[in-house]
Amino acid sequence: MNAPLLQIEDLTMHFPVRGGVLRRQVATVHAVDGIRLTLEAGQTLGLVGESGCGKTTVGRCIVGLYKPTAGRVRFDGHDIAGAGAGDLKKIRRDLQMIFQDPFESLNPRHTVGEILREPFEIHRIGTPADRMARVQALMERVGMDPGAVDRFPHEFSGGQRQRIGIARAIALNPRLIICDEPVSALDVSIQSQIVNLLLGLQQDMGLAYLFIAHDLAVVKHVSDRIAVMYLGKIMEHASAETLYRNPLHPYTVALIAAIPEADPARRKIHPLLGGDVPSPLNPPSGCRFHPRCPIAVERCRVEEPLLKAPADDSGGHLVACHRPGELQLPRG
């Protein structure tokens, strides 16, 4: 059996907080705390959770923008966490990232042609004429006018800029793309177009995606498996179908219950989740979700639950909860 394309083992990312005249460390931000994930080639793993839970940090650790405090990130057998600059350059031909803000991620001083030509120049692929032909082909592939390569990013709409960001990400025919909230900054009418573009590219190119988002409706549509993250920890991990049909963690239940319903008769009147995510500077003891959990007991406050399969499950459904399945989705 082949190894997964991406393996994350006990990934931990802590950021020091410094203060005072001597800039000594006075606190630690626990952004990611010992998570494990795998992703198979050609599949999509959705990573969901509220803002501040550590999703983006995971993505940036995978592509080597952050050096993890501990743990391992292996991509196609290569240890990204321990790779040097030269090795990372080679790995990034197969590993790319689409950023949340399509304006901030594009150099405003470069034309679209220069932005899309840059990956080929960095990796010394093709002649200048060949590179321009590749750039125009990329523009067509993402539904853009090839004649617009001499325009600057500010001359495009948000959806068009995200298409340019996607074109840059697929330029070198990667195997894995980290999609960091790729549609959250876009109008609803444009979101579906970008999602359909990503799905089409995945089918044509055999891409694997780590799809980071807080919109569970979008994640359900694109993912094979979904991991639910809260305050640096994975709370639940299952196939997309299983997670939505039978969520076991109270946090997952609350997130699914909060998905807007088009039918007024099916809208939930009483939200299951209140309050805000606690500060990662001082995570709660025991289960990190217990201060907001409607069914928490004393054990939840003092003992951290392990991410494991329930006793009656053998299909890869994992949950970190002392009382899995006891909080049910509201009906009607």
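Read-outs: derived from the displayed coordinates by stated rules, not from any lab. Worth saying up front: this structure is predicted, and the values here are computed from it rather than measured. Backbone-built Cβ (ideal geometry, glycine too); neighbour counts: all protein chains shown.
Assorted remarks:
- Normalised by 2.2 N^0.38 Å, where N is the number of residues, the C-alpha radius of gyration of region 164-301 stands at 1.21.
- Taking a point 7 Å from the Cα of A85 along the Cα-to-Cβ direction, none of the residues of region 96-129 has its backbone N closer than 13 Å to it.
- FRET efficiency estimate (nearest 0.05) - Cβ-Cβ, N2 to D187, R0 56 angstrom: 0.90
- Unsatisfied cross-links (Cα-Cα over 19 Å) in the set K55/K233; K67/K308; K233/K308; K67/K90; K55/K89: K67/K308; K55/K89
- Radius of gyration and Dmax over the Cα atoms of the chain, both given in Å: 21.1, 68
- Between Q203 and E241, the simple spin-label model (points 7 angstrom out along Cα→Cβ) gives 1.8 nm.
- For the chain, relative contact order (Cα pairs under 8 Å, six or more residues apart, normalised by length) works out to 19 percent.
- Rotationally averaged projected area of region 80-130 (alpha carbon convex hull; nm²): 4.7
- Ranked packing of 85-91, 53-59, 253-259, most packed first, by mean Cβ within 10 Å: 53-59, 253-259, 85-91
- For region 97-188, relative contact order (Cα pairs under 8 Å, six or more residues apart, normalised by length) works out to 49 percent.
- Distance between the 7 Å Cα→Cβ label points at H78 and F15: 2.6 nm.
- In the chain, the DSSP-assigned H stretches of four residues or longer account for a calculated mean residue ellipticity at 222 nm of -8500 deg cm²/dmol, using -39500 (n - 2.57) per stretch and the full residue count as denominator.
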